[in-house]
Amino acid sequence: MNETTELTELQQLYLNMLDSLKEGIDDMERFEQGNMSAGTRVRKNMQAIKELAQKIRIGVQEQKNAITN
């Protein structure tokens, strides 16, 4: 994506979701090595990702409905 290109709200939500996934990798590794606190952080991060995904789904559906109506 070009730096001069303005991101749409849906694109920004998607990038936020990707950033959250990347940030959670270290905690996932720590959890798999036995750190239970890291597991709590993984679960919290996954909940945030789920919420972002739902916002994206709703936004896409709203745009589809606006085009077909």
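Tabulated data for the structure shown
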{"item": "The chain - charge dipole about Cα centre, Lys and Arg +1 at Cβ, Asp and Glu -1, debye rounded to 20", "result": "360"}
{"item": "Residue-averaged 222 nm ellipticity for the chain, from DSSP H runs of 4+ at -39500 (n - 2.57), nearest 500", "result": "-29500 deg cm²/dmol"}
{"item": "Relative contact order of the chain, defined on C-alpha pairs under 8 angstrom at six or more residues apart (%)", "result": "37"}
{"item": "Cα-based equivalent ellipsoid, the chain: semi-axes from gyration tensor eigenvalues, Å", "result": "31, 15, 6"}
{"item": "Crossing angle, helix 36-68 versus the chain [Cα axis fit, 0-90 degrees, rounded to tens]", "result": "10"}
{"item": "The chain: angle of helix 9-32 to the longest principal axis, Cα-based, in degrees nearest 10", "result": "10"}
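Every number in this text was worked out from the coordinates using simple rules, so none of it is lab data. Keep in mind it's a predicted model, so treat the numbers as computed, not measured. Positions of Cβ are generated from backbone atoms using ideal geometry, with glycine treated the same way; all protein chains shown enter the neighbour counts.
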